[in-house]
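The structure appears right after this line, and notes come after that.
Every number in this text was worked out from the coordinates using simple rules, so none of it is lab data. Here the structure is a predicted model, which means the values were calculated and not measured. Using ideal geometry, Cβ is built from the backbone for each residue, glycine included, and neighbour counts are taken over all protein chains shown.
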Amino acid sequence: MDMAKDLRGRRRALPAPPVRFAAVAAAAAAGLLLTLSGCQGDGGSDRAEDGRAAIVAPGRPGEKARHLTPEEAARAKPDDSPNAADHTYVSHMIEHHRQALTMSALAPERASADGVKRLAERITAAQAPEIGAMEKWLARHPATAAPAAPVTPGAPAVGHDHGAMPGMATGQQLAELTAARGPDFDRLFLKLMTAHHEGAVKMAGEALAGGNNVAVEEMATEVVATQSAEIHRMRAMG
């Protein structure tokens, strides 16, 4: 998938995904097995009745393989059309990642511990490309505009209350981090970034539970694996 390639090809040992995600992944794997075959299976022909190449769908254990037309194979492919949960996750995670980059950019001049500086470098190296990949995903899958909601004077604009996302640092916390130096910066950075990562993991779990798009689920699973490992590392450093 494009997103899988955009996410730098990193592969890690992942935690067991939710039941729904496992079912989607199994369905997707089954779809991948619908491959063009030049070999005959179980005495059948490798050509459809109209002369086109047949697509062989392996059967379950003890069952014969089936020969499908391209149209039948297309209908058998799981529908992974993005839903509202997918769009919400991607759009929110872009903003979530951007704040992590803002916080990490402070480390080179303010941190005293080499481990904190290296952590900030890793976060930047990982999340900057992910932002690009998610922006490309949004361009390919624009969300359907929802009906405009009544506007209450003084109320925040719908869809822009990014401070409500789990783990996001407040403006005051960012100001305190910017003003901190040395060991004080290290301690505050680890505290805020740990909470930030925990929020990202929570958001990814919600996407895995409610989303439908395979590319988004792959990215969310990567976030769970990568940021969970970094949470453990930051707790050890703190």
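Evaluate the stretch 160-238: find the radius of gyration of its Cα atoms, find its Kirkwood radius, and give the ratio Rg to Rh. The partial results should precede the final answer.
Numbers: Rg = 14.4 Å, Rh = 13.7 Å.
Reported Rg/Rh (Cα atoms, Kirkwood Rh): 1.05.
Under 15 Å from a point 7 Å along the Cα-to-Cβ line of Arg233: which residues of the stretch 202-226 have their amide N that close?
Those under the cut-off are 223-226.
What does the charge count around Leu190 come to, taking other residues whose C-beta lies under 14 Å from its C-beta (Lys +1, Arg +1, Asp -1, Glu -1)?
Combined, the nearby Lys, Arg, Asp and Glu give +2.
Compute the distance from the alpha-carbon center of the stretch 209-225 to that of the stretch 164-178, in whole Å.
Using only Cα atoms, the two centres lie 26 Å from each other.
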